[in-house]
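Since every read-out is calculated from the coordinates, none of them should be taken as a lab result. What you are looking at is a predicted structure, and each value in this text was computed from that prediction instead of being measured. In this analysis, Cβ positions are derived from the backbone assuming ideal geometry, glycine residues included, and neighbour counts consider all displayed protein chains.
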Amino acid sequence: MYRKAWMAKQKALAMEFGDWEDSYNYLPRWLHALQESLQGIIAEYVTQPVVVNGVEDNSCHILERVFWAFNPCIDWCQHLILSGFI
């Protein structure tokens, strides 16, 4: 009974917000839009191709990490570096 309720909840969430694959596929566009709309932001992501039985499948990638920094944080770090604190 619990599994049936959980699956129904997951299905409802996917209908409302999209599934994990949709979210993953939107990430590059979302990061690009973030950089376009906010001056000075740095946004990057790293993926690796899927490896099945020792063979790389370049048609499918796994997200390893996402990084973004907003301009005030970047300026603050540069100030600390120039001030000799770092």
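Restricting the search to segment 17-36, which residues are among the hydrophobic types (A, V, I, L, M, F, W, C) and over 11 Å from the mean Cα position of the chain (by Cα)? Write out each step before concluding.
Start the filter on segment 17-36 by keeping residues that are among the hydrophobic types (A, V, I, L, M, F, W, C), which leaves 17, 20, 27, 30-31, 33-34.
Within segment 17-36, PHE17, TRP20, ALA33, LEU34 qualify.
Select, from LEU80, LEU31, the only residue that is in contact with a strand residue (DSSP E or B) (Cβ under 7 Å, 6 or more places away or on another chain), free of Cβ contacts under 8 Å to residues at least 60 places away in the same chain and surrounded by 10 or more Cβ atoms within 10 Å (Cβ to Cβ).
Details: LEU80 fails: in contact with a strand residue (DSSP E or B) (Cβ under 7 Å, 6 or more places away or on another chain).
The unique qualifying residue is LEU31.
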